[in-house]
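The values are calculated or read from the model by the stated rules, or taken from the named source; none is laboratory data. All values derive from a computational prediction rather than experimental measurement. Cβ placement follows ideal geometry from the backbone for every residue including glycine, while neighbour counts extend to all protein chains displayed.
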Amino acid sequence: MITAKARAVDGPDKPFRAAEIKRRELDSQDVLIEIKYAGICHSDIHTAHGEWGPVNYPLVPGHEIAGIVTSVGPHVTKYKLGDRVGVGCMVDSCGECENCRKGEEQYCLKGNIQTYAGVDKYGEPTQGGYSTHIVVQENFVLRIPESIELAAAAPLLCAGITTYSPLNHWGAGPGKKVAVIGMGGLGHMACQIAHAMGAEVTVLSQSLKKQKDGLKLGADHYYATSNPETFAQLAGTFDLMINTVSAKINLNSYLSLLALDGALVNVGAPAEPLSLNVFNLIGHRRSFAGSMIGGIRETQEMLDFCAEHNITPKIEVISADQIDEAYERVLASDVKYRFVIDTSTM
């Protein structure tokens, strides 16, 4: 077994502590990665706090992983020692179902294996990227382009693909009016990606506090949703809306902003249920949809797209001792726009 230093949490109300975890010996197609940076995602907080259901503690979160290949199994063909690589939200899937064969492993009909808080094919609990090393099957490892710094690459493995995938699937591009709800870790990525795809981009944020950032990152327009006039002014405007907010919002108000055949796609994952009035859908042939991450092929496509268009998340690098403080700041919306842990401080 391979020993890795990590930061673990022992319960929903417990602080993070230094820990040692065991990584499996390399199987024939496994890659050992020395993790250099791990992003903090709101999903980490929901899971660590037990808000999405029972958790098998102790838990090591983290599914925004960037590092260097340090060892490979004998049958690995895609990677070699020294390669710059990343790992996202999943580390395996059945590989056989219809969705996996389509390259949509995130929707594996048997359930993909999550990078943390899951159970791997060996029956062991998975532990994530708040650690110094991880072992992953090569087909679930991504290649990080040379032009993207490792620290900035980490959040792309979740925040980047979570926003790229629906923008890609629902056809954001020239002639399309796209609204991004929320200007946080996900929202600031959606803004950049939609702009690079050629869409006309509007940010809908609670206030105008981040307007300057939004316009700099590619938004053509920026509105405060706390202003009731915003919803009257923009009624029936958008072809596509990406909701990045991980809290309960008034869906009916936002659905009214969709044009005929428009779609509101939820990528934020609030702990509480959302409700809507179905007449807000059928009255204008609107759609309300959800999207998770992307498959491995699409995630690599996203990384290459971001490299081509010089898109990176805006990050604040922290030490492992600052994780608890970072969680508090994320919940208080006090981050611009993604925390990234320097794992050398484990």
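A few points about this structure:
- Residue in the range 258-267 that is in contact (Cβ under 8 Å) with a residue 12 or more places away in the chain, surrounded by 14 or more Cβ atoms within 10 Å (Cβ to Cβ) and in a loop (DSSP other than H, G, I, E, B) present: yes
- Among the residues listed as HIS188, HIS195, the single one being part of a helix (DSSP H, G or I) and either in contact with a helix residue (DSSP H, G or I) (Cβ under 8 Å, 6 or more places away or on another chain) or among the polar types (S, T, N, Q) (or both): HIS188
- Considering residues of the range 257-302 that are of a type in the set (D, E, K, R) and touching a Lys or Arg at 6+ places or on another chain (Cβ under 6 Å) only, the residue modelled with the highest pLDDT: ASP261
- Selection of the range 268-302 for residues being surrounded by fewer than 16 Cβ atoms within 10 Å (Cβ to Cβ), part of a loop (DSSP other than H, G, I, E, B) and β-branched (Val, Ile, Thr) yields only VAL278.
- Of the residues making up the range 6-15, those that are closer than 19 Å to ALA320 by Cβ and touching a helix residue (DSSP H, G or I) at 6+ places or on another chain (Cβ under 8 Å) are ARG7, VAL9, PRO15.
- Scope the range 84-131; condition surrounded by fewer than 24 Cβ atoms within 10 Å (Cβ to Cβ), in contact (Cβ under 8 Å) with a residue 60 or more places away in the chain and in contact with a helix residue (DSSP H, G or I) (Cβ under 6 Å, 6 or more places away or on another chain); matching residues: GLY103, TYR107, ALA117
- Search result, residues across the range 139-198 that are outside the structural domain of ASP92 (by TED's automatic domain parsing), within 21 Å of LYS216 (Cβ to Cβ) and over 17 Å from the mean Cα position of the chain (by Cα): ALA172, LYS177, VAL178, ALA179, HIS195, ALA196, MET197, GLY198
- The strands (runs of 3 or more DSSP E) found entirely in the range 1-105 that carry 3 or more residues being hydrophobic (A, V, I, L, M, F, W, C) are 2-9, 16-23, 30-39, 65-72.
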